[in-house]
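The values are calculated or read from the model by the stated rules, or taken from the named source; none is laboratory data. What you see is a predicted model, and the numbers here were worked out from it, not measured in a lab. Neighbour counts run over all protein chains shown; Cβ positions are idealised from the backbone, glycine included.
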Amino acid sequence: MTSVEAAGASIDDAIEDALRQLGVPRSQVEIEILGHFSKGLFGLGGRKPRVRATLRPPPASPDPVAQPSEPPVRTRAAVGTVVELTSAVLRDIVRHIGVEVEVTARPVEDHIVLELSGDSSGVLIGRRGQMLDALEYIVNRIATREGDSAPRFVVDSQRYRARRREVLEDLARRMGEQAKSKGKPVALNPMSPHDRRIVHLVLQDDATLTTKSSGKGYLRRLVIIPEGAGSAARSQRQ
């Protein structure tokens, strides 16, 4: 048996069922998505997600020669499989929210942007991008199950990420100058890890400023500390 088809409550469940039938790990198969979840009329007769799992052929090695171990390299085809899988899962999640969108994958530097487009895609941004952050977290958790070398994904809609970055970069520069002029730490409003990272990157090359996160949980404050304000900063640290 070199190929099987399976269905499940989700794409992930269908893949796991197919792997159980073949008795092999995920790395030894190619996954083809045959169908996504769809609701039937009045909730009856709906279709479950279906996938086809096909065993990859073993590598040809007529004269095996011992080679020094090297870290695994994810091929373009394997990256394409992960992108296809995560795009399909993201589309299904959004459909369950009640929004129909198209998902377009776009490589950018060291990550891949999954762009959501559609008439109602704006509702997926959420307050300060928190909905996008949640979708992004789920997508990356799914991707890492495919191996440590899986690409990092960023979920975006209506260029929100770029617009938010511009606002935060301007805020970081203004608050950095304010901290230096006052000679004491400046605490920003609570931010997501995604937003705190942008502010930190803007200020990291300024040798007269340091940044520290303060508080607990997902939303935490970022404190900008000018040179020589160490004693005041310690009182604001976590």
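Select the strands (runs of 3 or more DSSP E) contained entirely in the range 47-127, then report the ones holding at least 2 residues which are more than 12 Å from Pro151 (Cα to Cα) and at pLDDT below 85.
In the range 47-127, the matching strands (runs of 3 or more DSSP E) lie at 50-55.
Enumerate the pairs (first residue in the range 172-187 and of a type in the set (Lys, Arg) and assigned to a helix (DSSP H, G or I); second residue anywhere and modelled with pLDDT under 95 and crowded, with 17+ Cβ neighbours inside 10 Å) with beta-carbon separation below 6 Å, excluding pairs fewer than 6 apart on the same chain, so at least 6 apart or on different chains.
Close Cβ pairs (under 6 Å, with a partner that is modelled with pLDDT under 95 and crowded, with 17+ Cβ neighbours inside 10 Å) amount to Lys180/Pro226.
Residue check: is Ala134 modelled with pLDDT of 80 or more, out of contact with any Ser or Thr (no Cβ under 7 Å at 6 or more places or on another chain) and over 26 Å from Val29 (Cβ atoms)? Outline the logic, then answer.
On the way: modelled with pLDDT of 80 or more: yes; out of contact with any Ser or Thr (no Cβ under 7 Å at 6 or more places or on another chain): yes; over 26 Å from Val29 (Cβ atoms): yes.
For Ala134, the condition - modelled with pLDDT of 80 or more, out of contact with any Ser or Thr (no Cβ under 7 Å at 6 or more places or on another chain) and over 26 Å from Val29 (Cβ atoms) - is met.
Of all residues in the range 108-135, which are within 17 Å of the chain's Cα centre (by Cα) and free of Cβ contacts under 8 Å to residues at least 40 places away in the same chain?
The answer is Glu109, Leu124, Ile125, Gly126, Met131, Leu132, Ala134.
If you check every pair at least six apart or on different chains, which have Cβ atoms under 7 Å apart with a residue in the range 1-26 that is of a type in the set (Lys, Arg) first and a residue that is in a helix (DSSP H, G or I) and at pLDDT 75 or above second?
Listed by first residue and then by second, the contacts come to Arg26/Leu19.
I'm checking my understanding of the structure. Among residues of the range 137-164 that are charged (D, E, K, R) and surrounded by fewer than 16 Cβ atoms within 10 Å (Cβ to Cβ), which one is modelled with the lowest pLDDT? So that I can check it myself, show each step before the final result.
Here is the first cut: in the range 137-164, the residues charged (D, E, K, R) are 141, 145-146, 148, 152, 156, 159, 161, 163-164.
Restricting the remaining residues to those that are surrounded by fewer than 16 Cβ atoms within 10 Å (Cβ to Cβ) gives 141, 145, 148, 152, 159, 163.
On the way: Arg141: 86, Arg145: 78, Asp148: 62, Arg152: 85, Arg159: 88, Arg163: 90.
Ranking the qualifying residues of the range 137-164, first place goes to Asp148.
Looking at (1) surrounded by fewer than 17 Cβ atoms within 10 Å (Cβ to Cβ); (2) more than 30 Å from Glu227 (Cβ to Cβ); (3) at pLDDT 85 or above, which is the only condition Gly183 fails?
Unmet for Gly183, out of (1) surrounded by fewer than 17 Cβ atoms within 10 Å (Cβ to Cβ); (2) more than 30 Å from Glu227 (Cβ to Cβ); (3) at pLDDT 85 or above: (2).
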